[in-house]
Each structure stands twice: as C-alpha cells, then as structure tokens.
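Where a number appears in this text, it was derived from the coordinates with a stated rule and is not lab data. Just so it is clear, the structure is predicted and the values come from calculations on it, not from any experiment. Here the Cβ positions follow ideal geometry from the backbone for every residue, glycine too, while neighbour counts run over all protein chains shown.
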Amino acid sequence: MRELRMTDAPALLELLTSEEVARFISPPPTSIDGFERFIAWVHQERAAGRYICFAVVPDGMDTAAGLFQVRQLDPQFGTAEWGFALGRPFWGTGIFMSAAHLTIDFAFDEIGAYRLEARAAIANGRGNGALAKLGAVKEGTLRRSFVRGGQQLDQALWSIVREDWRRAKAVWGAAIH
C-alpha cells in the first residue's frame, strides 16, 4: 500500500474500467487524463484532511492493482466510509485481505476513526463476502441507494467499529487472514 502516483493512471484505467470490476462501483474515469485528474484531486483532499486513497501494489510490481479509499463522514473523521476496487487479475490472490487489514488499521490507529462504514450492492456477492470475512457487521439494506447503468440497486450497509476490530485482532493475532 502506498499513496497514489500519476504513473498509476494507465494501470488503473486498464484494471478498474473492465465491466467485471466497474459494475458495482461508482463510474471510474474513462481515460488516463481522467485518472490523472482523480489522482490530483486525491492529493488535494488528503492535504485538506478529508479523504485518503491508497494504491494496492503487489510485491514485485511498481504500479497499482487497485485502490482503497477512506473518506470522512463527520468533521472529526470519527466515522468514515471506506471502499475498494481491485483489478480482476488480482481477485483470489489474498492481496485484498492484506490491503483491507492495512487500511482498517490505518483508519483506526492513525486517523483515529472509531467506526468504518462500507456499502456494497446486494448483487455484489464478492464484495459482501469480503466484508463479512473481515468481520464487518451488516446493519441493514439501503433501498435503491446506488444507481449504476441506469438501474437503482439496493446496497448493504456494513460497519466495523474500532473496539470490535481490536478485540478480533487480540483473539486472532495481528495477522488476521
């Protein structure tokens, strides 16, 4: 995990715009220039203390395979929303869980968040399964809360609270897999 770089734009364009990946996320930029503008915006928002976006970079690679985002939902960043997207070639490799743990630890230990929320389209079995595997709690269904491809989709609202995360780590150990 590291900060996004402008040099990540071509890889992110290739990996995050495939239909398989993009079907359950907000529409990604559709050009290298669009991803470069997104990366510049990410750096501005990070400097303002409102948003963080990390590149997921597998061992032996130099460019991003995906990203994890955390944005404040309140002015103190106590409650934050996080999201993720990972290129299809990296599904099932274990890199998601490693990156998720680092992101959650960062949000709780460095930012000081006490609650992380995530939303996943009900039809997104992989995303919902990943959140459950991390120990997130499904709190409810947000009806018709996400529009993608002209369709209004229901989303599951998931949460992880700091105390639960720390308790789980104490039981399972620092390297939860």
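The Rg/Rh ratio for segment 37-112, using Cα coordinates for both the radius of gyration and the Kirkwood hydrodynamic radius, is 0.98.
If you take all other residues with their beta carbon under 13 Å from the beta carbon of Q76, and give Lys and Arg +1 and Asp and Glu -1, the sum is +1. Estimated from helices alone, the mean residue ellipticity of the chain at 222 nm is -10000 deg cm²/dmol (sum of -39500 (n - 2.57) over DSSP H runs with n ≥ 4, per residue). Annotation for I32 and D164: the two label points, set 7 Å from Cα along the Cα-Cβ direction, are 4.3 nm apart. When the Cα gyration tensor is reduced to axis lengths a ≥ b ≥ c, the ratio a/c stays below 1.5 for segment 39-177, which is therefore classed as rounded. When every Cα-Cα distance of segment 34-78 is counted in 10 angstrom steps from zero, the calculated P(r) takes the values 25, 46, 24, 4 percent. Of interest is the spacing of the C-alpha centroids, which for segment 13-49 and segment 131-170 amounts to 21 Å.
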